[in-house]
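*Asks:* Dropping the structure in here first, questions after.
The values are calculated or read from the model by the stated rules, or taken from the named source; none is laboratory data. For clarity, every value in this text was computed on a predicted model and none was experimentally measured. Quick reminder, even Gly has a Cβ in these numbers, built from the backbone with ideal geometry, and neighbours come from all protein chains shown.
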């Protein structure tokens, strides 16, 4: 079922290309680039090292446009590490090194001439704990656009649009100038989502965005993710398997292996449509993990 | 070496499995007992068999409640989900088989006093044998998660179907020879049909066992045809 | 999970076991009283010290305060002598100390935390700085004499306010660096990640997020270290305070930085070394003055902290 749906989506090329193409040549550009347009990330043979320690081994998977891709697995399996490869967040960690290729719309993100700052503007991120800046709600969202050189006159518009998109506008429109710290945890996390989408990224990465939230707030975020899918490609790390089952189209299950030197290396075990993973996973390790017979 | 982190949940699932195997055993015993009663015209034990079905009904009800509870509380996925889905459908199938045994028992009083021809008697006993074998094999396949065994159930059922055809011929030969009335012949035909249906339920269960093990929903020819028609309509 | 007790049994034992037992937490209570005792001792000690100083200096503080604060040093008599030069000298020295120690200290801390984080060099430097903070102040005086007074005499003009200020700057620099390093490390990484996540450069993250977040702690720490500098006498004696003729009234503000000077702690020492009870009274009164001065500087620290720690 889902596999069919995926292929169907892959064939809706003209719509998505028209949205991306700003040069005015909408029809001609679509031919011959189907997979290019519809696959946002192509990762192959990705290894991540922290110094000598190999945290992640040989990950190969593709992330499709306008889909939610969930990364699940036990702690230490490298799912967050892998997520941080997509926007070069690993660069910030001393001694971290990424090998293999991470192609974003056909461009290798780890080439020398790629500017990680520009990468992060295109590929936004939402973190585990809501982390608004110690500023007003308004300034939190304006931060990214300002860095990108947005004009002052355009800011009001950007902020309203981002907040509406993050389903927070109604709750905060009368107190945009008050502190972001006055919001509840769930609201803060939606603010962080609004902040991430204010710079109009192409992809939103989420690193366990609901782990610090109560079930209702979690439900709101999940609802929001489903809506955001129409405009953005979303990759989400979650330790909540049911959440992955509820919100994602594709699920990647990572596992951790203890090697002979006593260190743990994460690896991708299975990558398949979510309904497949949760009804009849192909790999025994996936099955054992999601049914609670943890290794 | 896996460590179990949902022990209670999986113990409950094992309990349901045990309940189902017990119900299957009751069906197997019921088939034998009701056949003996049928062949000996023992109305008293037929009544006993009818009463015993209440027990089966209660067991199936309890097993179903357990399944619903697990679905609601444990959010089963993958093999756990397939197991509970299989269990739910199996409960219905086994419970139906139990009803069929009861139906045979009920028919005993209606054909009481009829002297059955040896050929008819022989066929009834062979149908019993096959129905027992089918049901027992299916329950084994379920208990052992044996998809290979489940896959051959359909072929075994063909034997029962053939016997059923032979039985109908024998019954109507009997009637044509004026050994039994048309009324009695119809009653006997219905009884034969009950044995055949028990085999069909076994086949259904076997298909669910295959789903449980492999995750493949059994293909139905009818569904395939309908899908082909739907695709054709959409492409128009 | 085997529950052997009956509901009635549980209820009975609950009534028994949940009741408050006398002497159940003796150690906890004893520890609490120990802590209270320590607190009383510490504050009481300070209170006594302050009380003794006020009592000893009472003659000056009550009758002669204005004269005492506005007049310079005088060898002639205790009642003539004032601490004006000391106050001005201390403030000047503190100013020079701040001008050198604060920018250099904060810059060092930023480099260590933000640019050299985790490197062997940074760890080595940090370790050494922590050790330097424990070096006795007299050693800094020797350093000041050798480096600021002698080697850099072209700049400092010898034993001057500048030399004294730089000496004290060298002394408080490790404290400024350490407090700033701690303040920068205390900025949650989530804040940095948030800024990087929306496409900020390292400079943008540092200047707009990390420094503002750390600033209140940094300023509190540095101002408090200046307060410590205010109270130091030993290094200043070595680099020229109270040496020669104390210039007062006949020089403009800029000139006083390159002239002979004194500082309050040095003056207190001087008063205390003079024979006679009158001088003792002066020393006590001057001690109260320096305490008030330090309190005022601390007040500034608190003000700055509140100001930068705008509650969001």
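*Asks:* In the range B:71-128, how many are within 14 Å of another protein chain (Cβ to nearest Cβ) and assigned to a helix (DSSP H, G or I)?
*Replies:* Total satisfying the criteria: 13.
*Asks:* Restricting to strands (runs of 3 or more DSSP E) lying wholly in the range A:156-274: which have 3 or more residues that are surrounded by fewer than 21 Cβ atoms within 10 Å (Cβ to Cβ)?
*Replies:* It comes to A:250-258, A:264-273.
*Asks:* Please enumerate the residues belonging to the range C:199-208 that are within 12 Å of chain A (Cβ to nearest Cβ), modelled with pLDDT of 90 or more and in contact with a helix residue (DSSP H, G or I) (Cβ under 7 Å, 6 or more places away or on another chain).
*Replies:* C:200, C:201, C:204, C:205
*Asks:* From (1) buried (at least 21 other Cβ atoms within 10 Å of the Cβ); (2) within 15 Å of residue B:12 (Cα to Cα), pick out the condition that doesn't hold for residue B:30.
*Replies:* It is condition (2) that residue B:30 fails.
*Asks:* Tally the residues that are under 17 Å from residue A:213 (Cβ atoms) and at the interface with another protein chain (Cβ under 9 Å from one of its Cβ atoms), restricting the search to the range A:165-181.
*Replies:* 2
*Asks:* Has the range B:41-64 got at least one residue that is within 14 Å of chain A (Cβ to nearest Cβ), at pLDDT below 95 and surrounded by fewer than 18 Cβ atoms within 10 Å (Cβ to Cβ)?
*Replies:* no
*Asks:* Select from the range A:106-128 the residues that are in a loop (DSSP other than H, G, I, E, B) and over 15 Å from the mean Cα position of the chain (by Cα) and write down the one among them that is surrounded by the most Cβ atoms within 10 Å (Cβ to Cβ).
*Replies:* Looking at the filtered set, the residue picked out is A:109.
*Asks:* In addition: Restricted to the range C:152-171, and to residues that are in a helix (DSSP H, G or I) and modelled with pLDDT under 80, which residue is surrounded by the fewest Cβ atoms within 10 Å (Cβ to Cβ)?
*Replies:* C:154
*Asks:* Which residue pairs have Cβ atoms closer than 8 Å, lie 6 or more positions apart in sequence or on different chains, and pair a first residue in the range A:266-280 that is at the interface with chain B (Cβ under 10 Å from one of its Cβ atoms) with a second residue that is assigned to a strand (DSSP E or B)?
*Replies:* A:277/A:251; A:277/A:253; A:277/A:270; A:278/A:251
*Asks:* What number goes with the only condition from (1) under 23 Å from residue B:204 (Cα atoms); (2) touching a residue at least 60 places away in the same chain (Cβ under 8 Å); (3) buried (at least 19 other Cβ atoms within 10 Å of the Cβ) that residue B:67 does not pass?
*Replies:* Among (1) under 23 Å from residue B:204 (Cα atoms); (2) touching a residue at least 60 places away in the same chain (Cβ under 8 Å); (3) buried (at least 19 other Cβ atoms within 10 Å of the Cβ), residue B:67 violates only (2).
*Asks:* Sticking with this structure for a sec: Among A:263, A:230, A:238, A:218, which is within 17 Å of the chain's Cα centre (by Cα), more than 10 Å from every other protein chain (Cβ to nearest Cβ) and farther than 22 Å from residue A:132 by Cα?
*Replies:* Being within 17 Å of the chain's Cα centre (by Cα), more than 10 Å from every other protein chain (Cβ to nearest Cβ) and farther than 22 Å from residue A:132 by Cα holds for just one of A:263, A:230, A:238, A:218, which is A:230.
*Asks:* For the range C:92-105, which positions are closer than 13 Å to residue C:219 by Cα and surrounded by 24 or more Cβ atoms within 10 Å (Cβ to Cβ)?
*Replies:* C:101, C:105
*Asks:* Quick one: in the range B:1-19, which of the residues that are more than 14 Å from chain A (Cβ to nearest Cβ) and in contact with a helix residue (DSSP H, G or I) (Cβ under 6 Å, 6 or more places away or on another chain) is surrounded by the most Cβ atoms within 10 Å (Cβ to Cβ)?
*Replies:* B:16
*Asks:* Moving on. Would you check which residues across the range B:183-221 are within 14 Å of chain A (Cβ to nearest Cβ) and either surrounded by fewer than 18 Cβ atoms within 10 Å (Cβ to Cβ) or over 19 Å from the mean Cα position of the chain (by Cα) (or both) and list them?
*Replies:* B:213, B:214, B:215, B:216, B:217, B:218, listed by residue number.
*Asks:* Could I ask something else about it? Out of all the residues in the range A:281-290, which are under 25 Å from the mean Cα position of the chain (by Cα) and within 8 Å of another protein chain (Cβ to nearest Cβ)?
*Replies:* Residues satisfying the conditions are A:281, A:286, A:287, A:290.
*Asks:* Against the conditions (1) part of a helix (DSSP H, G or I); (2) within 14 Å of residue A:92 (Cα to Cα), where does residue C:199 fall short? Just the number, please.
*Replies:* Against the list (1) part of a helix (DSSP H, G or I); (2) within 14 Å of residue A:92 (Cα to Cα), residue C:199 comes up short only on (1).
*Asks:* State all residues of the range B:107-124 that are surrounded by 16 or more Cβ atoms within 10 Å (Cβ to Cβ) and touching a helix residue (DSSP H, G or I) at 6+ places or on another chain (Cβ under 7 Å); if no residue qualifies, say none.
*Replies:* If the condition is that a residue be surrounded by 16 or more Cβ atoms within 10 Å (Cβ to Cβ) and touching a helix residue (DSSP H, G or I) at 6+ places or on another chain (Cβ under 7 Å), then B:107, B:108, B:111, B:114, B:117, B:120, B:123, B:124 are the ones that fit.
*Asks:* How about the range A:231-249: which of its residues are within 16 Å of residue A:194 (Cβ to Cβ) and out of contact with any strand residue (DSSP E or B) (no Cβ under 7 Å at 6 or more places or on another chain)?
*Replies:* Within the range A:231-249, just A:231 meets the criteria.
*Asks:* Turning to a different aspect of this structure: Go through the range C:209-234 and give me each residue that's within 13 Å of chain A (Cβ to nearest Cβ) and either farther than 30 Å from residue C:299 by Cβ or touching a helix residue (DSSP H, G or I) at 6+ places or on another chain (Cβ under 7 Å) (or both).
*Replies:* C:209, C:210, C:213, C:214, C:215, C:216
Here's the yes/no breakdown for (1) facing chain C (nearest Cβ under 7 Å); (2) touching a residue at least 40 places away in the same chain (Cβ under 8 Å); (3) over 18 Å from residue A:91 (Cβ atoms):
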position: A:124; (1), (2), (3): yes, yes, no
position: A:132; (1), (2), (3): no, yes, yes
position: A:135; (1), (2), (3): yes, yes, yes
position: A:145; (1), (2), (3): no, yes, yes
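*Asks:* Can you tell me which residue within the range A:56-95, out of those that are assigned to a helix (DSSP H, G or I) and touching a residue at least 12 places away in the same chain (Cβ under 8 Å), is nearest to residue C:195 (Cα to Cα)?
*Replies:* In this case the residue turns out to be A:89.
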